[in-house]
Structures are given as C-alpha cells and as structure tokens.
Amino acid sequence: MKKSNWFIILFFMTLALIVATVFAVSIGAVKLPLFNMTTVEKNIFFNVRLPRVLLAGLVGAALVMSGALFQYVMKNPLADSFTTGTSASSAMGAVIAIMLGLEKLIPLFALAGGLTGLTAVYKISSVRNRIQPVTMLLAGIVISTFASATISFMKYLSDDAVSSIIFWLMGGFSSASISKVIILAIAIIGSYLSIRSDFLSLDIICFDDMTAEASGVNVARLRRKIFFIASLLTAFSVGYAGIIGFAGLVIPHIIRLLRMVKAAELLPMSLIGGGLFMITNDLIARTILSEGQELPVGILTSFIGGIFFLTLLIKRKKELFYFD
Amino acid sequence: MKSNIKIIVLAVMVQLTIAATAFSYDRIIILYGAVSPIIKELSLSDKVVGVSRSDTVFTQTTKLGSHLRPNVELIIALEPDIIIAGSKRTFNEEMVESVKVKVIYFDPQTLDEVLEKITELGELFRQEERAKELVISCKEKLKGVKPLSKKPEVIYEISAEPLRIAGKKSIVTSIIEAAGGENVITIEKKHVVLSPEVILKAEPDYYFYQTGPMNKNPSPVKERDQFVTLKSEIVNVDQYEFARAGLNVFDAVIKMNRIFGDNPQFRGENNE
C-alpha cells in the first residue's frame, strides 16, 4: 500500500476512534450533561465511565495486536490468543482466584495462568531451541482444552459461585479503574516500542524459515520474543476484562483486506482498529438493555465479529488468506 | 345406568383422594438448604434421608452432591418418598422422571410465599399444627419491626465481580420492604448485572453487600475505585442470612430494620 494511502486510512481510523470515544463517554446508563455536571455526575464520569471507555479501548488494542502477532509467529491466519491457549490458561488463573475468593488478585492470577500456559506451549513446541509453528498450534489447542476442562471442574466445585464465574468469563469492563488503564497502557506502549524495530523481520518470517534466516533474521529469537509479548498482552486483557472472543482474529484480517499487510502498517492500525472495535462493542453492551443493565461484552464481540467475519470470508475468501 | 356410572366414578375419586392424603412421606430428600430448618421445625428430622452437600442443618445425613447438580443414582438408592428441590432449573423434568417419586419445589420470592410454603409443607407432611405455630412465630417476629420516619433507599449487592444487584424478584426485596426500606432496583429479575453508574446516580441511603459463596471475600465497597465517592451507609451481611429464602428471612427483616432504626435520619418517633 502507498504510504500516502496508509496515512489517509490511519487519519480516518484515528478520527473514527476519537468520535467513538467521545460518543462512548457521552452515552451510558446515566445521562450526563458533560459541560454542566453535578458532583455526583462528575464522580460517575471520572470514576466509572471514562476509565471504562479507556480500558475497553486498551483491551481491544491489546487483543488485536496480540492476535496479529500470533498470526505472524504461527504463520497461520487462524492463530490468536484462543488457539495458542493463552486466553484459556489466563482465564483458568482468574477462575482460581474467583474460587479462592481472591477477587482483587484476578489480574495477577490471570497473568500467572497465561504465563504458565505460554511456558508449557513454548516447551512443548521447542525443538533445539526453535519453535515449530504447527506443533505450537497443536500444543496451544491442547493447553486450551486442558485449561477449559480445569475451568469446568472448578465451576462444578464452586456451587453458588458458579454464576460469578460464568458472568466473569463472558467478559466485561464494569470493574475498570484508572490504575488498570495506566498499567495496560504501559504494557501496550512498552510492547509496541519493543517490537518496532522488528517490523521488517516480521514481514520476512512470513516466508519460509530458511529464506528468513538467509535474510539475516534470527527466526527462533524473534518467535520467542513475539510469542512472549503477545501472551503478555492477552494475559493482561483477560485479567482485566475476562474472555473476549473474536477481536484478535477478526480485526487483523479486516485490516489486511484494506491492503495493509506489512507489519509497519498492520500493527499500528491493529491498535487503533482494536480500540475502535472494543469501545463500540462496549458502548452497545452497556446501553442495549434498559435501566442500566449490562450485557457481557464478550457475547457481543463474538456475535458481531462472527457475523462480520463470516460475511467477509464468503465474499472475499481468496484475498483473505494472503499467507498462501 | 348413567347415574350408576357417575356414582362409581365419584366413589373411585373419593377413594383415590383419601388414599393420596393418607400417604405418609417417611423418606424425605432435601436438595435446597433453606428448606432444612423448616423441616426440622416441623419435627420431621428423623424422616430426612438425604441432603445436598452444603446443608448446614442435617450435617450427619447422607450427602447427595451439590444442590445445582445432585447425584440421581444416590437419590434413587436412598428410595425416597419425596424430594424437595430448589427449582426446576436444578432438578429438571428428566431427573424427575428418572427418580419416579413426588418432587416439590421450594422457591419463594417473598416473605408471604415463604409462609405459604410452610403451610403447604405442613399439610403435605400432616404437620398442620406445627406449621401453623411456625407461621405464627414468624409473623410474631415481624411484629418487632419498628416504624421509620421515612423509607431508606437500599441497594443489595449479590456479587462484586461482576457487579450483580438484587432485583425485584429477589427475596431480598421482600426483606427490604418488610424492614421499612425500598429497593432502588425495580427490574423484574432476581439478580441484575448493573452499571455502577446507576448506583452512583441513585445515591442510595444503604449499600448492603453480602459475603458468602456467591461473593467470597468482596473488597470493602469504598475501597473499590468506582465507589470511593459513594456516600451510602455500607453494611456487610451474611449471604445465608439474607439471600436464602427460608426461616432466616424473618430474622433478616428485624436485623435490617434495626440497622435502619439506629440511623437518626430514619428513626421513627416511638423507635427508641
């Protein structure tokens, strides 16, 4: 894609993100006159709505970037935090925290779970310090299945807490806070900066490993690094918002369909596209029902994302699989 | 001829009715813990042969798994005459068919429904007098409710993560109303996944949050980022005392009314 075209799309996407953010902070369960707020309304705005919108945007950005990164590492268009087992193992950690009554420590447990899953997948799929993408995908599915079984077992044991676990797993941002926003923002910015210098290498590993090695890319080192960063972003997202499906799979593909296939184009756009997607979904999730009731956002993302992706898949299946 | 048939049919129906009412349930299974104190009060303890895992009254009785997923094999093995379950969600039609005994459900949503259920159980187990006495003692307890100067507005948190609040169909709403208060949430559900914005905007006088299996170790409300500015009185209560629809609800009413009455803002004129 021409640089000028990319900038135009980036400009409009950023504009759309800003508009969505303004909409999202203006609309909610409670009507807020943004320019003439009472003390209570200011509290609602600054302690509930603003952190929530920001967290939704950041979680969306993190999930979509991690999805795009997983697709690079695995050389597989269907790879995302689910297929790599990171989502399920993070969720397993979070569910353990819920079951033990350690709700304050959910993010920490999710992170620990995610990293454990990551280590297991990494160890299983490594041969002589090199990660085998296909083995990694298979290991991810096995770890994911194992984590899901553990979650089901804990649900079985938890009696009355089962509904809390189920609702938590459906995903949502109702417990957003500025501290979570800051931590996740640091994680995303840090991750993005640390992979910026690898954009060209990421494009090169889309070819076979020998070509990449011949081009001077240390494939094994790059895969390890990207895998770790993508898993870290997923673990943070799951810890803060539960399991939110489809974002990491759908958005990178939609961006590719806009002819942005290079990492230097795809990854920045993933951040913006992910933020836009999640803020919009969360806005719908918290306003679609009456009287302040909320729908778990994970239901919406899977539903909307699924329909949208299926439509694209049917209409443009040839262009979608650019790895072929 | 026709009149003869009518007489015969009538006689058979009368016989069947007598047979049904005369049947005595000697082997009871309880799959909803809130029923156990009532069964005990009805002097039926010796007839209970199995209970759910979390039952706190019949601790020595055979456990039949969780109340959400009881073990049907164990139930059949105990050869019960009757099963008392929480709801059709936890003991569905297929399970009823497989156990082949009478199943009744205990799922009252108001204090009056709890009293009705006690009466029904009394009739079913032919303990009408005990049931009547129990209903009277529950009603007597409610006479201890002291009048308030105005109705406090209440929010009752079922779980913090995710934030779920008691809705209109929860027994908690009935407790709040009997205690002289008003549930801010009027949505026709037992539990409502609610935006914290609604709570902040409503500025309830009281924010009750329960501790129990549904809300293990919840962090203190005012330590949560969203509620640091909440001005409501915060009260932590036991889930088993407030959110279970059994005999406990009448004590919960008194407890809640006392909490309201202790606040000068709501204390009635003769409420010292």
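Coordinate-derived values only; no laboratory data. Note that the structure is predicted; figures quoted are calculated from it, not measured. As a convention, Cβ positions derive from the backbone with ideal geometry for all residues, glycine included, and neighbour counts pool all protein chains shown.
The helix-only estimate of mean residue ellipticity at 222 nm for the protein assembly as shown, built from DSSP H runs of length n ≥ 4 each weighted as -39500 (n - 2.57), is -18000 deg cm²/dmol after division by the residue total. Maximal additional length on extending the residue A:128-residue A:221 stretch stands at 32.3 nm, based on 0.36 nm per residue less the C-alpha distance.
Derived scalar couplings between HN and Hα for segment A:264-280 equal 5, 9, 5, 5, x, 5, 4, 4, 5, x, x, x, 4, 4, 6, 4, 5 Hz in order, rounded to whole Hz, by the Karplus curve 6.51 cos²θ - 1.76 cosθ + 1.60 (θ = phi - 60°), x for Gly and Pro. Against the empirical 2.2 N^0.38 Å (N residues), the protein assembly as shown has a Cα radius of gyration ratio of 1.17. Strictly over 21 Å apart at the Cα level, which of B:117/B:190; A:155/B:255; B:117/B:139; B:143/B:255; B:117/B:255 would you flag in this model? Result: A:155/B:255; B:117/B:255 exceed 21 Å. Take every pair of alpha-carbon atoms less than 8 Å apart whose residues are at least six positions apart; their mean separation over the length of chain B yields a relative contact order of 16 percent. When every Cα-Cα distance of chain B is counted in 10 angstrom steps from zero, the calculated P(r) takes the values 6, 25, 28, 21, 12, 5, 2, 1, 0 percent. For segment A:92-155, the equivalent ellipsoid built from the Cα gyration tensor has semi-axes of 26, 13, 6 Å, listed from largest to smallest. With neighbour counts taken as other beta-carbon atoms within 10 Å, the residues A:92, A:13, A:37, A:269 rank, fewest first, as A:37, A:13, A:269, A:92. Computed over segment A:27-69, the alpha-carbon pair-distance distribution with 5 angstrom bins reads 5, 21, 22, 16, 11, 9, 8, 5, 2, each value a whole percent. Given a Förster distance of 30 Å, report the FRET efficiency between residue B:69 and residue B:126 from their Cβ-Cβ distance, rounded to the nearest 0.05. Given R0 = 30 Å and the Cβ-Cβ separation, E is 0.40.
3J(HN,Hα) couplings calculated from phi for segment B:154-167 with the Karplus curve 6.51 cos²θ - 1.76 cosθ + 1.60 (θ = phi - 60°) are, in sequence order, 10, 10, 10, 7, 7, 9, 7, 9, x, 6, 10, 10, 5, x Hz; Gly and Pro show x. By the count of neighbouring beta-carbon atoms within 10 Å, fewest first, A:179, A:164 end up ordered A:179, A:164. A simple rule links phi to the HN-Hα coupling: the Karplus curve 6.51 cos²θ - 1.76 cosθ + 1.60 with θ = phi - 60°, which for segment A:31-39 gives 6, 10, x, 4, 9, 8, 9, 6, 4 Hz, with x for Gly and Pro.
Among beta bridges from DSSP that stay inside the protein assembly as shown, the antiparallel ones total about 30%. Comparing segment A:169-280 with the 2.2 N^0.38 Å rule of thumb, its C-alpha radius of gyration ratio is 1.17 (two decimals). Computing Rg and the Kirkwood Rh from the Cα coordinates of segment A:55-320 gives a ratio, Rg/Rh, of 0.97.
Please label the shape of segment A:102-225 as rounded, prolate or oblate, based on the square roots a ≥ b ≥ c of the eigenvalues of the alpha-carbon gyration tensor (a/c under 1.5 means rounded; beyond that, a/b larger than b/c means prolate, else oblate). Don't skip to the end; give the middle numbers.
Values: a/c = 3.33, a/b = 1.61, b/c = 2.07.
Oblate.
Quote the relative contact order of chain A in percent (integer), defining contacts as alpha-carbon pairs under 8 Å separated by 6+ residues.
Values: 490 pairs, mean separation 99.7, N = 324.
Reported as a whole number, the value is 31 percent.
Within the listed set A:256, A:128, A:196, the residue fluctuating most in the Gaussian network model of chain A (springs between alpha-carbon atoms under 10 angstrom) is A:128. Step through the table entries B:102/B:168; A:31/A:315; A:180/B:201; A:3/A:75; B:151/B:222, compare each Cα-Cα distance with 32 Å, and write down the pairs that go over it. The answer is A:31/A:315. Look at where the Cα atoms of segment A:201-280 and of segment A:21-99 average out, and the two centres are 18 Å apart.
Comparing segment A:1-109 with the 2.2 N^0.38 Å rule of thumb, its C-alpha radius of gyration ratio is 1.45 (two decimals). The alpha carbon convex hull volume per residue for segment A:205-268 rounds to 104 Å³.
Just rank B:138, A:206, fewest to most, by other beta-carbon atoms within 10 angstrom. Can you show the working numbers first?
Details: B:138 19, A:206 16.
Arranged by neighbour count, lowest to highest, B:138, A:206 become A:206, B:138.
Membrane-span-like helices of chain B, defined as complete DSSP H segments with a Cα extent of 18 Å or more along the helix axis and a mean Kyte hydropathy of at least 1.0, are identified as B:2-22. The calculated FRET efficiency for residue A:291 paired with residue B:101, based on their beta-carbon distance and R0 = 45 Å, is about 0.60.
If you take the square roots of the eigenvalues of the alpha-carbon gyration tensor of segment B:153-261 and sort them as a ≥ b ≥ c, do you get rounded (a/c under 1.5), prolate (a/b over b/c) or oblate? Could you put the intermediate results ahead of the total?
On the way: a/c = 1.41, a/b = 1.33, b/c = 1.05.
Verdict is rounded for segment B:153-261.
Paramagnetic label reach from residue A:42 (point 7 Å along Cα→Cβ; backbone nitrogen cut-off under 12 Å): within segment B:220-238, no residues.
For residue B:212, nonlocal amide neighbours, meaning residues 5 or more places apart or on other chains whose placed amide H falls under 5 Å from its own, are B:217, B:239.
Working value for segment B:77-191: equivalent-ellipsoid semi-axes of 31, 23, 8 Å, each the square root of 5 times a Cα gyration tensor eigenvalue, largest first.
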